[in-house]
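Quick notes on the structure that follows.
The values are calculated or read from the model by the stated rules, or taken from the named source; none is laboratory data. Everything numeric in this text was worked out from a predicted model, so none of it was measured. All Cβ positions, even for glycine, are placed from backbone atoms using ideal geometry, and neighbour counts span all protein chains on display. What goes into the accessible areas is simple: the full protein's heavy atoms, side chains included, and nothing from ligands, DNA or RNA. Shrake-Rupley method; radii C 1.70, N 1.55, O 1.52, S 1.80 Å.
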Amino acid sequence: MTVTEIAATLVRIPSVNPDGDPGTQKTGEAGCAEWLAGFLAAAGAEAELREVFPGRPNVVARFPSDRPGKPRILFAPHTDTVSVTGMTIDPFSGEVREGQLIG
């Protein structure tokens, strides 16, 4: 998959933070976290979901290393998105139009 295909796939998975006015009934990070865990596992990582709140798990993934004691990289991104209230487009389309990812 290309970076654009990965990003479009993630945009299509509703993961709106349920706090405040989410603007959709499709909230929580579970779908996004499950996809990411599967993607990372397919790439060779040991991936697991850790439930923080109902429907809002974290993904923890580790790639095996044949270099014990060497530095590792930690990525700590978030999987939730902001409210979709007031959006005039389909916020989950993931369409690529004229070189831009929509969503």
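Observations
- Within region 1-40, the set of residues being within 12 Å of Pro91 (Cα to Cα), of a type in the set (A, V, I, L, M, F, W, C) and in contact with a Pro (Cβ under 7 Å, 6 or more places away or on another chain) comprises just one member, Val16.
- The residue of region 89-102 that is most open to solvent (accessible area, probe 1.4 Å), among those that are in a loop (DSSP other than H, G, I, E, B) and not aliphatic (A, V, I, L, M), is Glu98.
- In the set Ala41, Ala37, only one residue is loosely packed, with under 15 Cβ neighbours inside 10 Å, free of Cβ contacts under 8 Å to residues at least 60 places away in the same chain and part of a helix (DSSP H, G or I); that residue is Ala41.
- Residue match in region 71-88 (condition: touching a Lys or Arg at 6+ places or on another chain (Cβ under 9 Å) and not in a loop (DSSP other than H, G, I, E, B)): no
- Per this entry, Gly31 is not counted among residues that are part of a loop (DSSP other than H, G, I, E, B) and either surrounded by 10 or more Cβ atoms within 10 Å (Cβ to Cβ) or in contact with a Phe, Trp or Tyr (Cβ under 9 Å, 6 or more places away or on another chain) (or both).
- Residue satisfying all of: in region 44-67; of a type in the set (Lys, Arg) and part of a strand (DSSP E or B); nearest to Asp80 (Cα to Cα) among these: Arg56
- Count - residues of region 1-21 that are in a loop (DSSP other than H, G, I, E, B), at pLDDT 95 or above and out of contact with any helix residue (DSSP H, G or I) (no Cβ under 7 Å at 6 or more places or on another chain): 1
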